[in-house]
1. Apply the Karplus parameterisation 6.51 cos²θ - 1.76 cosθ + 1.60, with θ equal to phi minus 60°, to every residue of the stretch B:50-60 and state each ³J(HN,Hα) to the nearest whole Hz, in sequence, with x for glycine and proline.
2. Can you tell me the Rg and the Dmax, both Å, for the Cα atoms in the protein assembly as shown?
3. Sequence neighbours fewer than 8 away in the same chain don't count; with that in mind, list the lysines whose C-alpha is under 16 Å from B:LYS78.
4. Amide H to amide H under 5 Å from A:VAL47: which residues, 5+ apart in sequence or cross-chain, H placed 1.01 Å off N in plane?
5. Between B:GLN80 and A:SER26, take the C-beta separation as r, use R0 = 45 Å, and let me know the FRET efficiency to the nearest 0.05.
6. Can you give the Rg to Rh ratio for the stretch A:27-74, taking only C-alpha atoms and Rh from Kirkwood?
7. Short version: ³J(HN,Hα) in whole Hz for each residue of the stretch A:46-54, in order, from phi by Karplus 6.51 cos²θ - 1.76 cosθ + 1.60 (θ = phi - 60°), x for Gly and Pro, what are they?
8. Starting from the amide H of B:GLU102, placed 1.01 Å from N in the peptide plane, find each other amide H under 5 Å away whose residue is 5 or more places distant or on another chain.
Amino acid sequence: TQLLEQSPQFLSIQEGENLTVYCNSSSVFSSLQWYRQEPGEGPVLLVTVVTGGEVKKLKRLTFQFGDARKDSSLHITAAQPGDTGLYLCAGDRSNYQLIWGAGTKLIIKP
Amino acid sequence: DAGVIQSPRHEVTEMGQEVTLRCKPISGHNSLFWYRQTMMRGLELLIYFNNNVPIDDSGMPEDRFSAKMPNASFSTLKIQPSEPRDSAVYFCASSFGGNRGEQYFGPGTRLTVT
């Protein structure tokens, strides 16, 4: 059972387009983290959202935590080829284990 | 400041051989995680150490897998004997403050068992 569903699994778009990646669960998380992983490297933390309804921005990336702290979204404005990678969300349920999504593979074509 | 260091970066071995993967966490971090990543199963937590003590090894596939953390700056993941289905990328990550802390990943070891 996948406790944290990510969608879409794969997305290929042209440079300059906007996109949104979703991370959904029926479970409540005390916080949720977003990571980006490039080929041949480990995941790198982008942001952590903690409060229900919280919005964080990282340049052209906007992260939102759902009001009920069960879901999150990542919106990229005017995507660039450098945004290409695997995006992973991970939820913290206030125990020792992060719950990981399966990831969204994003390709931005120049 | 050095991040998480893993070695080797690539390992190719024959079925039945022993494989040892190594990890040096970020200095000052008190939690260490071993993950396995495959296309089919994504990122799976194998074992979690806190203050050098294994807290949860329920993700370790079977008795062929073992992990140690003899001190705060070194951990190993051993597979003996290795099998082709063990082929994957193995990541080590560390954090401060337990699993709630943000995790910092090493570059991974790509293991191929033929």
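FYI, it's all coordinate maths here, none of it is from the lab. Model, not experiment: these values are computed from the prediction. Neighbour counts run over all protein chains shown; Cβ positions are idealised from the backbone, glycine included.
1. Result, ordered by residue: 10, 6, 6, 9, x, 9, 8, 10, 5, x, 5 Hz.
2. 17.6, 51
3. Filter leaves B:LYS24, B:LYS68.
4. A:TRP34
5. The computed FRET efficiency comes out at 0.70.
6. 1.02
7. 9, 7, 10, 10, 10, 9, x, x, 5
8. Long-range HN contacts for B:GLU102: B:PHE96.
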